[in-house]
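Inspection log for the structure reproduced underneath, given as structure tokens.
The values are calculated or read from the model by the stated rules, or taken from the named source; none is laboratory data. All of these numbers come straight from a predicted model, not from anything done at the bench. Every residue, glycine as well, gets a Cβ built from its backbone with ideal geometry; the counts of neighbours run over all protein chains shown.
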Amino acid sequence: MSLLEVRDLSKHYEGRRSLGQRLTGTAHTVVRAVNGVSLAVEKGEILGLIGESGCGKSTLGRAILRLHEPTSGRVTFDGSDVTALSPPALKAMRRRMQIIFQDPYASLNPRRTVADIVGLPLALHGLASGARAREITAEVLERVGLRAGQLDRYPHQFSGGQRQRIGIARALVSNPNHRLRRAGLGAGRVDPGADHRASGKISSAKWG
């Protein structure tokens, strides 16, 4: 059985109606952002989706994680039907499924320190708190090529590449089995090597 299986997944949105359409009772147009996608990813496998801007790559990733609820289809992760999970079960599952956002600055809260940002999944999932959470956060930060001494800095104090590493650290800190990564081909700040090095070093880490 594949680690991740997606079958006939669709995500449709209702388009906005003009004033004239509303007055005449014209039905909403339907925007088919994702339509009938199927794929499978084995444990340890990397799958890349290539397409022009606006073709639905990011929407597909969000639908897989149920950050956007799918219109139809099924997502199975490690034998569990993600599309049928209750909110508490989905929260627990998301510990194992993390997303690395394309824009490392827009996805980081400028009012939070790196310690707060990277350590947030530990608090949300009840994995660690206090000094232990800070210790884990420092270790993960060093594994992605940053320093423990940078924990109390803010996102604007880092370069684009460093901010990306912060996003990678946040995705890895809960020891997920699956990571979804949004990346533009033309984005010079994308550093696949950082993700590879970090995931390789952290794979055997034990938190607790």
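How about region 62-165: which helices (runs of 4 or more DSSP H) wholly inside it have at least 1 residues that are closer than 30 Å to Ser10 by Cβ?
Answer list for region 62-165: 87-94, 114-124.
Of the conditions (1) over 17 Å from the mean Cα position of the chain (by Cα); (2) farther than 12 Å from Ser174 by Cα, Leu90 clears all except one; give me its number.
(1)
Got a sec? Which of Gly193, Gly200, Gly188 is in the same structural domain as Phe101 (by TED's automatic domain parsing), at pLDDT below 90, surrounded by fewer than 16 Cβ atoms within 10 Å (Cβ to Cβ) and in a loop (DSSP other than H, G, I, E, B)?
Criteria check complete, one pass: Gly188.
Which numbered condition in (1) of a type in the set (Phe, Trp, Tyr); (2) surrounded by 18 or more Cβ atoms within 10 Å (Cβ to Cβ); (3) without any contact (Cβ under 8 Å) to a residue 60 or more places away in the chain is the only one that Tyr105 fails?
The failed condition is (2).
Condition (residue is over 30 Å from Asp152 (Cβ atoms) and touching a residue at least 60 places away in the same chain (Cβ under 8 Å)) applied to region 78-98: is it met by at least one residue?
yes
Consider Thr71 carefully, then state whether it is touching a Leu at 6+ places or on another chain (Cβ under 9 Å) and either closer than 26 Å to Val173 by Cβ or modelled with pLDDT of 85 or more (or both).
So Thr71 fits the description; yes.
Working carefully through the options Arg74, Arg66, find the one that is surrounded by 13 or more Cβ atoms within 10 Å (Cβ to Cβ), at positive phi, in contact with a helix residue (DSSP H, G or I) (Cβ under 9 Å, 6 or more places away or on another chain) and not assigned by TED's automatic domain parsing to the domain that holds Val173.
Only one candidate passes the filter, namely Arg66.
Restrict the check to region 37-47 and report whether at least one residue is in contact (Cβ under 8 Å) with a residue 12 or more places away in the chain, of a type in the set (Lys, Arg) and closer than 14 Å to Tyr13 by Cβ.
Looking through region 37-47, none of the residues is in contact (Cβ under 8 Å) with a residue 12 or more places away in the chain, of a type in the set (Lys, Arg) and closer than 14 Å to Tyr13 by Cβ.
So, in region 92-123, of the ones that are under 24 Å from Leu3 (Cα atoms) and hydrophobic (A, V, I, L, M, F, W, C), which residue ends up modelled with the lowest pLDDT?
Applying the filter and picking the extreme gives Phe101.
Could you list, in sequence order, all residues of region 141-178 that are in contact with a Ser or Thr (Cβ under 8 Å, 6 or more places away or on another chain) and in contact (Cβ under 8 Å) with a residue 60 or more places away in the chain?
Those that are in contact with a Ser or Thr (Cβ under 8 Å, 6 or more places away or on another chain) and in contact (Cβ under 8 Å) with a residue 60 or more places away in the chain: Gly167, Leu172.
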